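Colleague: Got a structure here, written out as structure tokens. Questions coming.
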Amino acid sequence: MYKLVAIDLDGTLLNSFGEVSENTKKALKNLKSQGIEVVLASGRPISSTESLATELGVDNYLISGNGAAVYDIKKQKIIYDRFLTKEQVLEIADICEQNSFFYNVYTEDEVIANSLNYNILFYHKENVKKVEEKRTHINVVQNIREYIKQSEKERFLKITVCDESKFIFNSIMRILKEVDGIDVLDVEYMSRKKIKSGTDDIDIQYFYTEITNKNVNKWNAIEYLLDKLKIKKEEVVAIGDNVNDKEMIIEAGLGVVMGNSNPKMKTIGDVIVADNNSEGVLEAIEKYILKTL
């Protein structure tokens, strides 16, 4: 019997418009009623992930920043962290500024950016549909590096760097991989999301990477929870679509890969389900978890 289900958000639980289907919401509540721990494991800030976890009723623990933090929702406190330091963030910011790379910085409660573009534009459009307390807080500043330098914040979840050009993005990756003490996520394909503009659906497509402190990943954060909750790794289901889900999909008792994942991700999972626009998470819950009870 499975005792913990870790679910990625973007590209997995959320469809291309950032929504969760009603059928999937009911299935999540069913898991909770069966005593199964459901943990949202996202790259988003704590505040953004927490609002969704609370809405869905899976409100014990969450994983944020791709594993940089584990948050106890009931106690409202971080219980595990592997943050980037201010010095590390300023070093990466220098590189991005010098090379005119678009980047944004994630803290526990906000995303710091200098314009509404790429991932920030998606969050902005997603926020329009939400009440204030459930929005991803976007802090648009004139100069990210100077803002952080003057800020009292000393710990950061991750940095995201984006570009539309594959050629430019490859040069970004080469430069960033030379920096010591960080992990640079190797995403080989474009992020594809949709936003609504009137009656039209507009695609947002871009190459991106995510920078965290060394040895940060979702599985390491899950292992902390497993020790705390006395759960074995064989009793874990991990559901995801992207390379930041790789470790947890490989290590979990059951690794579930979404149908919208790239071909390389599909080779590492135990099972493949429908895509995020066709209720793949619902399929995983009904077919591989609830049927084992």
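Colleague: Going by how many other beta carbons lie within 10 Å of each one, how would you line up Ile95, Ile79, Ile172, fewest first?
Modeller: Details: Ile95 16, Ile79 13, Ile172 23.
The most exposed by this proxy come first: Ile79, Ile95, Ile172.
Colleague: Identify which of Gly269, Gly67, Gly35 has the largest mean-square fluctuation in a Gaussian network model of the chain, with springs joining Cα atoms closer than 10 Å.
Modeller: Gly35
Colleague: Then there is this: With everything on Cα atoms, drop me the angle between helix 119-128 and the longest principal axis of the chain, reported from 0 to 90° to the nearest 10.
Modeller: That helix lies at roughly 60 degrees to the long axis.
Colleague: Still on this structure, I have one more. Can you pull the semi-axes for the chain, root of five times each eigenvalue of the Cα gyration tensor, sorted largest first, whole Å? Present the calculation step by step, with values, prior to reporting the outcome.
Modeller: Details: eigenvalues 171, 85, 72 Å².
Semi-axes from the Cα gyration tensor: 29, 21, 19 Å.
Colleague: GluC sites (Glu not before Pro), restricted to the stretch 44-153: which are DSSP loop and have at most 12 other Cβ atoms within 10 Å? If you can, show how the numbers build up before the last one.
Modeller: Values: sites: Glu50, Glu55, Glu87, Glu91, Glu97, Glu108, Glu110, Glu126, Glu132, Glu133, Glu146, Glu152; in loops: Glu108, Glu110, Glu152.
The qualifying sites are Glu152.
Colleague: With a/c under 1.5 counting as rounded, go ahead and sort the stretch 79-159 into rounded, prolate or oblate using the C-alpha gyration tensor (a ≥ b ≥ c being the square roots of the eigenvalues; past the cut-off, prolate if a/b is larger than b/c, else oblate). Walk me through the intermediate numbers first.
Modeller: Working: a/c = 2.11, a/b = 1.30, b/c = 1.62.
Judged from the Cα gyration tensor, the stretch 79-159 comes out oblate (a/c at least 1.5, b/c at or above a/b).
Colleague: Under 1.5 on a/c is rounded, so check that first for the stretch 52-122, then, if it is not, pick prolate when a/b is larger than b/c and oblate when it is not; a ≥ b ≥ c are the square roots of the alpha carbon gyration tensor eigenvalues. Intermediate values should be presented prior to the final figure.
Modeller: Values: a/c = 3.71, a/b = 1.73, b/c = 2.14.
Oblate is the answer for the stretch 52-122, as a/c is 1.5 or above yet b/c matches or exceeds a/b.
Colleague: Hey, which of these cross-link pairs are over 22 Å Cα-Cα: Lys32/Lys130; Lys75/Lys291; Lys230/Lys264; Lys193/Lys291; Lys25/Lys74? Present the calculation step by step, with values, prior to reporting the outcome.
Modeller: Working: Lys32/Lys130 25 Å; Lys75/Lys291 32 Å; Lys230/Lys264 32 Å; Lys193/Lys291 32 Å; Lys25/Lys74 20 Å.
Violating the 22 Å Cα-Cα cut-off are Lys32/Lys130; Lys75/Lys291; Lys230/Lys264; Lys193/Lys291.
Colleague: Using only alpha-carbon positions, what ratio does the radius of gyration of the stretch 84-213 give when scaled by 2.2 N^0.38 Å?
Modeller: Values: Rg = 14.9 Å, N = 130, 2.2 N^0.38 = 14.0 Å.
After normalising by residue count via 2.2 N^0.38 Å, the value is 1.06.
Colleague: List the chymotrypsin sites (Phe, Trp or Tyr not before Pro) within the stretch 108-151 that fall in a DSSP loop (any state other than H, G, I, E or B) and whose Cβ has at most 14 other Cβ atoms within 10 Å. Kindly include the intermediate steps, with their values, before the conclusion.
Modeller: Details: sites: Tyr118, Phe122, Tyr123, Tyr147; in loops: Tyr118.
Counting only loop positions with at most 14 other Cβ atoms within 10 Å, none of the chymotrypsin sites (Phe, Trp or Tyr not before Pro) in the stretch 108-151 qualifies.
Colleague: Quick one: Cα centre-to-centre distance for the stretch 24-42 and the stretch 65-109, in angstrom?
Modeller: Spelled out, the Cα-based centre of one part sits 27 Å from the other.
Colleague: In terms of Cα to Cα distance under 17 Å, which aspartates and glutamates are near enough to Lys86, apart from those fewer than 8 places away along the same chain?
Modeller: Those aspartates and glutamates meeting the cut-off are Asp94, Glu97, Glu108, Asp109, Glu110, Glu146, Glu152, Glu154, Asp180, Asp183, Glu210.
Colleague: Could you work out how far helix 46-56 tilts from the main Cα principal axis of the chain, as a 0 to 90 degree angle to the nearest 10?
Modeller: Computed tilt is about 30 degrees.
Colleague: Enter the angle in degrees (range 0 to 90, nearest 10) between the Cα long axis of helix 22-33 and the first principal axis of the Cα atoms of the chain, meaning the one along which they spread out most.
Modeller: Relative to the chain, helix 22-33 is tipped by roughly 70 degrees.
Colleague: Where does each of Asp72, Asp241 land when they are ranked from fewest to most other beta-carbon atoms within 10 angstrom?
Modeller: Working: Asp72 15, Asp241 26.
Lowest count first: Asp72, Asp241.
Colleague: Which of Met1, Met190 has the fewest other C-beta atoms within 10 Å, and how do the rest follow up to the most? Could the numbers behind the result be given before it?
Modeller: Values: Met1 9, Met190 16.
Lowest to highest Cβ neighbour count: Met1, Met190.
Coordinate-derived values only; no laboratory data. From a predicted model like this one, the values you see are computed outputs, not experimental measurements. Glycine gets a Cβ as well: all are built from the backbone with ideal geometry, and neighbour counts include every protein chain shown.
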